[in-house]
Amino acid sequence: LAALAAQEELCFLLLGGPEDRAAGEQLVQALPAGAAVNLAGQAALPVSEALVACSVLYIGNDTGLLHMAAALQRPIVEISCDLVVPQGLDYLRLPVRFEPWQVPYILLRPAKGLAPCDGLHSPLGCMAQEAHCIREIAPAAIVAAARQLLQIGYRG
């Protein structure tokens, strides 16, 4: 993400609840100075809405913020723990049923589940106690998806 921030001249706004604050701080520390601002646990819903409205892209998982970004017509890169299932069962999957509508959108999800999730077809995706299947999504894939959406020229 550091290269994306530098090349695209982006600043990442990290939004979420108080439980996301520590993870946000880790990301701020991992990125170059000034590349991210951690507002997790500090921005009330109307402030978060205003920040999303000013953004050029949403990168994150399926939360209220993702749907807020869709309502505000922002391009979206969704990072999901939802696993790919056999043809014909995809209607059960939450990202497919509730994907953002009429906005540029890229869904990134693991190609296959890791044990104990492999072979399961749960509509809840990864079934381990801690998210681990989602870690199979390469950071390079996230950067590539963001670049693809940024190339369409949408700047709000």
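No lab work stands behind these numbers, since they all come straight from the coordinates. Values in this document were obtained by computation on a predicted structure and should not be read as measured data.
A few remarks follow.
- One decimal place: the segment E25-R147 gains 41.5 nm when fully extended, by the rule 0.36 nm per residue minus the C-alpha distance.
- Residues whose amide H lies under 5 Å from that of A36, counting only those 5 or more places away or on a different chain, are F12; hydrogens are built 1.01 Å from N in the peptide plane.
- Each residue of the stretch 102-114 was assigned a 3J(HN,Hα) from its phi angle through the Karplus expression (A = 6.51, B = -1.76, C = 1.60, θ = phi - 60°), giving 6, 9, x, 8, 10, 9, 10, 8, x, 5, 8, x, 8 Hz with x at Gly and Pro.
- Counting every C-alpha pair in the stretch 1-82, the share spaced more than 21 angstrom apart comes to 26%.
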